[in-house]
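Asker: Got a structure for you, written out below as structure tokens; questions coming shortly.
Just so you know, all these numbers are worked out from the coordinates, no wet-lab data involved. In this text, all values refer to a predicted model and were calculated from it rather than measured experimentally. Cβ placement follows ideal geometry from the backbone for every residue including glycine, while neighbour counts extend to all protein chains displayed.
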Amino acid sequence: MKGVMYENVGKISILDNIPKPSIKPDEVLIKVKYCGICGSDVESFKRAGMYAPKTIIGHEFSGEIIEVGNDVKKLGIGNRVIVNPILPCYNCYWCNRNQENMCKDSPKGLGTLTHGAMVEYINVKAERALLLPDSISLEEGAAIEPLAVGIYSVEESGIRMGENAAVYGAGTIGLMTIQALKVAGANIFVLEPVESKHQLTLDLGADSVFIPKHWKKIKKLTNRIGPDHVFDCVGIAETLTSAINLIRKGGQITLVGMDPEAVLKSFYALAIFNISLRGIYGYTQDTFRTAINLLEKNKVDVKPMITKVIKLSEVPAMFETLSKPHDEIKVLVEFD
Ligand SMILES: [Zn+2]
Ligand SMILES: [Zn+2]
């Protein structure tokens, strides 16, 4: 079968001789329909990221079950599903508290350190799969994983209704975070350099959006003390430095995207302004349920983020495009 392999920095290749997987009794076999290209896929392509070389990428996907293991009770052939790509051990301190994103084995997951879903067929533990309601298309389903990232970061931030939040970056994760913040009842201010993304940012729930050099306008709009929360969905030195200048003393910065070096350099400023820094990784199975629920009830929308659907053969060229400045938000790969 065909699939997309991350060979190493700068090299993505299409393979056509991957053996079709077989399933264990607690697994299902999924025929993948859509798989998203994630910012972290592109990051690992540009410079060494968290991905192991020679890994089949893909962790944001939807598809149809075509085979079911003997022990699987709740799913059947023909079910449309999405999958939580985190692969927990199911038996550590965190897994026993349903915090499998903090599992002792984390961040082991599909498409990063183990083979992922940008392939025609994938076997997964049935427990990791979630049924898609009829009203949610498979295309939208492939965008639920980044939606779960946004929801989890907002839930974990502890933000309260009516508090002020600034979001850095209106890419996929930023836009998902903005929508989750809207559901949570926050006032939302966004900084995004690409002006063509500003209207969509407002449409999806931001109260105002500025280019980064106008960050002081957010200070003014928040009684000159700065927002209570910042969600850094970029996580580079520039955004984190700006976030520290913008946030009110005693506020909390949630790192949704992260460059490790930028974080280290900022500790002193965090200390003297009493700023809390909250790290975020992944989501739980509950977050996925919340994401599906909000999407089904039309409280959030992922369709406007899907800016392109491409064929498998177009993937390597798309990685080149996404490595340079571009207008895409979420690109999906379609399997037929
Ligand atoms: Zn992703
Ligand atoms: Zn565990």
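Asker: Which angle between 0 and 90 degrees, to the nearest 10, do you get for helix 237-246 versus the longest principal axis of the chain when only C-alpha atoms count?
Answerer: Value to nearest ten degrees: 40.
Asker: Could you tell me the relative contact order of the chain? Use alpha-carbon pairs under 8 Å, at least six residues apart, and round to a whole percent.
Answerer: Reported relative contact order: 18 percent.
Asker: Which residue, F288, F61, F319, tops the fluctuation ranking in a GNM of the chain built on C-alpha contacts under 10 Å?
Answerer: Between F288, F61, F319, it is F319 that shows the largest mean-square fluctuation.
Asker: To continue, here is another question. I need the phi-derived Karplus couplings for segment 43-57: 6.51 cos²θ - 1.76 cosθ + 1.60, θ = phi - 60°, integer Hz, Gly and Pro marked x.
Answerer: Once rounded to whole Hz, the list reads 4, 5, 6, 6, 8, 3, x, 8, 8, 7, x, 6, 10, 6, 7.
Asker: A further question follows. How big is segment 187-264 on each of its three principal axes, counting only the C-alpha atoms and giving the largest first in Å?
Answerer: 34, 27, 19
Asker: To test your reading of the geometry: what angle, between 0 and 90 degrees and rounded to tens, separates the Cα axis of helix 172-183 from the longest principal axis of the chain?
Answerer: 70
Asker: Now for a different question. Place a point 7 Å from Cα of A48 in the direction of its Cβ. Which residues in segment 11-41 have their backbone N less than 19 Å from it?
Answerer: Flagged as within label range: 11-12, 40-41.
Asker: What is the helix-to-structure angle for 285-296, meaning the angle in degrees between its Cα long axis and the longest Cα principal axis of the chain, kept from 0 to 90 and rounded to the nearest 10?
Answerer: 80
Asker: Would you mind counting up the charge near L312? Only other residues with Cβ under 13 Å from its Cβ, with Lys and Arg at +1 and Asp and Glu at -1.
Answerer: Computed value for this residue: -2.
Asker: Using the basic label-point model (7 angstrom from Cα toward the beta carbon), what is the V183 to D16 distance in nanometres?
Answerer: 4.2
Asker: If you don't mind, another one. Please compute the net charge surrounding T222, taking Lys and Arg as +1 and Asp and Glu as -1 over other residues with Cβ under 9 Å from its Cβ.
Answerer: +3
Asker: To the nearest 0.05, what FRET efficiency results for T321 and N8 with a Förster distance of 22 Å applied to their C-beta separation?
Answerer: The value I calculate is 0.70.
Asker: Follow-up question, since we're still on this one. Counting other beta carbons within 10 Å of each residue's own, what order do S153, S137, S22, S208 fall into, fewest first?
Answerer: S22, S208, S137, S153
Asker: Now for a different question. Expressed as a whole number of Å, what is the distance separating the alpha-carbon centroids of segment 252-292 and segment 152-222?
Answerer: For segment 152-222 versus segment 252-292, the Cα centre distance is 16 Å.
Asker: Same structure, new question: Extending each Cα 7 Å along its Cβ direction at D203 and K74, get the distance between those two points in nm, one decimal.
Answerer: 3.5
Asker: Measuring from label point to label point, each 7 Å out along Cα→Cβ, what is the I211 to T114 span in nm?
Answerer: Here the answer is 4.6 nm between the modelled labels.
Asker: Counting DSSP beta bridges with both partners in the chain, what percentage is antiparallel, nearest 5?
Answerer: That works out to approximately 55 percent antiparallel.
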